[in-house]
Amino acid sequence: MTTNTNQTPILQTKNLVKRYGSVTAIDHADFELYPGEILAIIGDNGAGKSSLIKALSGALMPDEGEILLDGQPVNFSSPMEARALGIETVYQNLAVSPALNIADNLFLGREIRKPGILGSVFRMLDKKAMEQKAKDKMTELGLMTIQNISQAVESLSGGQRQGVAVARSALFGTKVVIMDEPTAALGVKESRRVLNLIKEVRDRGLPIILISHNMPHVFEVADRIHIHRLGKRAAVITPQSHSMSEAVAIMTGALEVNNDPQAA
Amino acid sequence: MSSTEQKNSTAVLDHDKVADQAQVYVASFEHKETPVQRFKKFLHHYPVAAPSIVLLLAIFCFSLIVGSRFLSAFNLSLVLQQVTIIGMVGIAQTLIILTAGIDLSVGAIMVLASVVMGRMAIDYGLDPWLALCVGIAVGAVAGFINGSLITRLKLPPFIATLGTWNVFFALNLWYSNSETIRAQDISNTAPLLQWLGNTINVFGAQLTYGSLLMLAMFVVIWYALNWTAWGRHVYATGDDPAAAKLAGIRTDRILLSVYILAGIVCALGAWVLIGRIGSISPQAGYTTNLDSITAVVIGGCSLFGGRGSIFGTLIGALVVGIFRNGLALAGVDVLWQEFTVGILIIVAVGVDQWIRKGTA
């Protein structure tokens with residue numbers, strides 16, 4: 001998969017700044033995500049990746065700079081607004097409700113109601129429609145091998161639960177899916193399944209921002225790698241252009257790069 | 001760059017190879033379920049099953065020991081009458097416990113609402129329907145106060161409602177001057193308040209309107225919990241509030257709505273209470289809070305939130321009622337009724353822990 005950097009970025013920031021008192025968490029950061037790519041964001045602890053991600057997912061309001069979605073300036077004051085515009089986030093800590101079943105979890109907060117008076121007056125849920133859609137999405141992503149859709153999520157393994165979270169983002173994300181350390185809580189084999197799932201989602205046309213500390217994972221799935229250092233972008237590389245140790249060197253400041261992201 | 005490229009690709013390949021060779025089941029055990037495990041799974045999947053089994057066993061045993069005096073339609077309908085108040089307040093308590101909260105003030109809200117209904121109708125001569133509405137509004141406001149303390153001030157539900165329990169009870173004594181409103185005065189000026197005490201006779205069973213209202217409320221709340229988005233959000237909020245928030249649920253709003261609804265249900269319980277005892281006593285219902293928690297817990301609802309069924313509470317209340325009634329008919333001293341209820345609570349929570357341990 002090669003990224004066409006001549007296209008309009010689907011999600012972009014220009015000169016983004018966020019200060020907490022005297023600490024500058026985001027220091028005039030630029031960022032571009034292009035259609036159809038997996039962009040990994042790596043950086044040392046405290047480099048400001050989470051602040052950047054929070055700004056992109058609406059959990060944090062930047063002080064300066066702008067965020068462009070499809071070339072249009074946007075202003076999120078809550079994650080709800082970002083979500084309404086098609087930006088979904090998958091969190092590392094398995095943010096699913098264990099006692100609810102798979103279908104309930106997929107549609108949590110976005111339930112479908114029955115048509116007609118049953119839905120409008122009696123607020124009745126259309127359980128059948130939700131189960132059917134859940135089944136379709138899980139099958140599409142190759143997750144239906146193990147699950148009975150009305151099974152409680154607590155009976156699933158960690159990887160399967162993360163699968164539910166990814167399916168949810170793929171079901172509702174129309175523009176961008178942000179994955180914050182999606183494999184951090186998982187074992188080796190489980191991580192592998194989730195990585196394949198991430199590629200699957202990308203191949204279905206949704207661009208993905210992947211935040212990860214795991215270099216082999218990043219180098220395996222990413223199309224481009226955004227290296228964050230001291231609150232801003234230090235470089236954008238690709239798994240083909242640089243090695244893992246070079247990436248780490250850039251991340252820690254041992255290696256200075258002066259590259260133009262457009263050339264990467 | 002070609003050498004680094006190669007290095008990378010081999011690294012990834014190695015990683016892949018190792019991962020693919022890894023056993024799918026990191027730790028796999030003989031997967032033969034013993035009957036006990038299967039039973040446990042069944043109980044876990046159907047939270048109402050355990051209390052239902054206890055209820056049926058209790059009915060069976062008491063009908064053997066006490067005989068037809070116990071198993072008559074009349075006696076069983078008496079039990080239903082006796083558990084109506086607890087069942088009603090238990091609905092409110094279930095909603096709150098599903099959100100991993102607890103409400104110690106439910107009984108005080110109920111009595112305060114009944115006193116307000118009575119004074120409005122009798123002392124101020126308000127239209128009984130209006131007096132009823134004012135009483136229900138008082139219940140809603142009381143629930144709103146509880147909910148606000150918990151969502152705005154972030155007080156633990158136990159502490160917040162321990163405080164409001166005393167506050168509401170004191171307000172109730174002040175507003176009623178600690179005086180009981182006599183049944184005769186109510187039936188003369190506002191018979192509507194006692195209307196739920198009327199009975200209909202079905203094959204020898206004496207069903208009060210109050211019991212029927214309680215059963216109807218169980219159905220309404222069951223529908224709300226299982227067939228509306230609000231109900232799913234109540235479960236999600238109690239189960240894992242952080243995950244619910246990340247899914248976009250405004251958990252504070254859900255909690256507030258649950259406490260307000262609980263207050264309204266308690267106020268409806270006040271109407272049932274007036275029908276049941278005829279008069280309005282500010283001293284009534286002092287232990288209703290604990291009795292309602294008992295019914296919810298025996299009904300299989302988890303105090304950790306997110307698990308349980310509303311009908312479990314009805315069955316829990318019936319189990320307590322059946323035990324008290326059966327033991328009384330068998331001529332057992334009242335103190336042993338208390339003893340038995342205590343044992344039931346401990347067993348119910350013990351079973352809940354056992355079920356959750358193995359299958360979650």
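FYI, it's all coordinate maths here, none of it is from the lab. Quick caveat, the model's predicted, so the values are computed rather than measured. So basically every Cβ, Gly included, is an ideal-geometry build from the backbone, and we count neighbours across all protein chains shown.
Within a 10 angstrom radius of the beta carbon, how do B:Cys266, B:Cys301, B:Cys61 rank from fewest other beta carbons to most?
Working: B:Cys266 35, B:Cys301 29, B:Cys61 14.
The fewest-first ordering by Cβ neighbours comes to B:Cys61, B:Cys301, B:Cys266.
Remark: spin-label model distance B:Ile53-B:Ala242 equals 3.5 nm, labels positioned 7 Å along the Cα→Cβ axis.
What is the angle, in °, between the Cα long axis of helix B:128-151 and the longest principal axis of the Cα atoms in chain B? Nearest 10 is fine, range 0 to 90. Computed tilt is about 30 degrees.
The Rg/Rh ratio of the range A:1-128, with both radii computed over alpha carbons and Rh defined as the Kirkwood radius, is 1.07. Put in order of Cβ neighbour count within 10 Å, fewest first, the listed residues B:Leu149, B:Leu71 become B:Leu71, B:Leu149.
Computed from the Cα positions only, the extents of the range B:44-359 along the three principal axes stand at 59, 54, 34 Å, in decreasing order. Rounded to whole Hz and in sequence order, give me ³J(HN,Hα) for the range B:92-106 from the Karplus expression 6.51 cos²θ - 1.76 cosθ + 1.60, θ = phi - 60°, writing x for Gly and Pro. Ordered by residue, 3J(HN,Hα) equals 4, 5, 4, 4, 6, 5, 4, 8, 6, x, 8, 10, 7, 9, 4 Hz. Ordering A:Leu206, A:Leu143, A:Leu118 by the number of other Cβ atoms within 10 Å of each residue's own Cβ, fewest first, gives A:Leu118, A:Leu143, A:Leu206. Candidate cross-link partners of B:Lys40 among the lysines, defined by an alpha-carbon separation under 16 Å and a same-chain spacing of 8 or more, comprise B:Lys32, B:Lys357. Expressed as an acute angle from 0 to 90° and rounded to the nearest 10, what is the orientation of the C-alpha long axis of helix B:209-227 relative to the principal long axis of chain B? The angle comes out at about 20 degrees.
Counting only residues at least eight positions apart within a chain, or on another chain, the lysines with an alpha carbon under 17 Å from that of A:Lys49 are A:Lys14, A:Lys18, A:Lys232.
The alpha-carbon of B:Lys154 sits under 17 angstrom from the alpha-carbons of these lysines, leaving out residues fewer than 8 places away in its chain: B:Lys245. With a/c under 1.5 counting as rounded, go ahead and sort the range B:123-269 into rounded, prolate or oblate using the C-alpha gyration tensor (a ≥ b ≥ c being the square roots of the eigenvalues; past the cut-off, prolate if a/b is larger than b/c, else oblate). Oblate. Residue by residue along A:148-154, Cβ atoms of other protein chains within 10 Å of the local Cβ number 2 on average.
What longest range of chain B stays clear of loop-exposed GluC sites (Glu not before Pro) (DSSP non-H/G/I/E/B, at most 11 other C-beta within 10 angstrom)? Between exposed loop sites, the widest span is B:34-360. When the helices of chain B are scored as -39500 (n - 2.57) per DSSP H run of n ≥ 4 and the total is divided over every residue, the value at 222 nm lands at -24500 deg cm²/dmol. Computed from the Kirkwood radius of its Cα pairs, the Stokes-Einstein diffusion coefficient for the range B:201-278 at 20 °C and 1.002 mPa s stands at 148 µm²/s. Gaussian network model of chain A, Cα springs within a sub-10 Å range: biggest mean-square fluctuation belongs to which of A:Glu66, A:Glu88, A:Glu37? Most flexible of the set in this elastic network: A:Glu66. The mean sequence separation of alpha-carbon pairs under 8 Å and at least six residues apart, normalised by the residue count of chain B, gives a relative contact order of 30 percent.
For the options A:Asp27, A:Asp63, A:Asp180, a Gaussian network treatment of chain A with springs between C-alpha atoms closer than 10 Å singles out A:Asp63 as fluctuating the most.
DSSP bridge analysis restricted to chain A gives an antiparallel fraction near 55%, rounded to the nearest 5. Loop-located trypsin sites (Lys or Arg not before Pro) in the range B:138-204 (DSSP state not H, G, I, E or B) with no more than 11 neighbouring Cβ atoms inside 10 Å: B:Arg152, B:Lys154. For the range B:203-334, the Kirkwood hydrodynamic radius from C-alpha pairs, put into Stokes-Einstein at 4 °C and a viscosity of 1.567 mPa s, yields a diffusion coefficient of 77 µm² per second. Neighbours of A:Ile26, meaning other residues whose beta-carbon lies under 13 angstrom from its beta-carbon, give a summed charge of +3 when Lys and Arg score +1 and Asp and Glu score -1. GNM, chain B, Cα, under 10 Å: largest mean-square fluctuation among B:Ser257, B:Ser72, B:Ser281? Highest fluctuation among the options: B:Ser72. A run of chain B free of exposed loop cleavage sites, with chymotrypsin sites (Phe, Trp or Tyr not before Pro) counted only in DSSP states other than H, G, I, E and B and at most 11 other beta carbons within 10 Å, reaches its longest extent at B:204-360. A:Leu106 sits among other residues whose Cβ lies under 9 Å from its own Cβ, and their net charge, with Lys and Arg +1 and Asp and Glu -1, is +3. A DSSP coil position with no more than 15 other Cβ atoms inside 10 Å describes the following trypsin sites (Lys or Arg not before Pro) in the range A:152-248: A:Arg204. For chain B, the longest principal axis of the Cα atoms and the long axis of helix B:35-45 meet at an angle of about 70 degrees.
I want the local charge near B:Leu173. Using Cβ-Cβ distances under 15 Å, sum +1 for each Lys or Arg and -1 for each Asp or Glu among the other residues. Show your work: numbers first, answer last.
Details: positive: B:Arg119; negative: B:Glu179.
That sum, taken over residues with Cβ under 15 Å, equals 0.
With the Cα gyration tensor of the protein assembly as shown giving a ≥ b ≥ c as the square roots of its eigenvalues, does the rule (a/c under 1.5 for rounded; else a/b larger than b/c for prolate; else oblate) give rounded, prolate or oblate?
Working: a/c = 3.05, a/b = 2.04, b/c = 1.50.
Because a/c hits 1.5 or more and a/b exceeds b/c, the protein assembly as shown counts as prolate.
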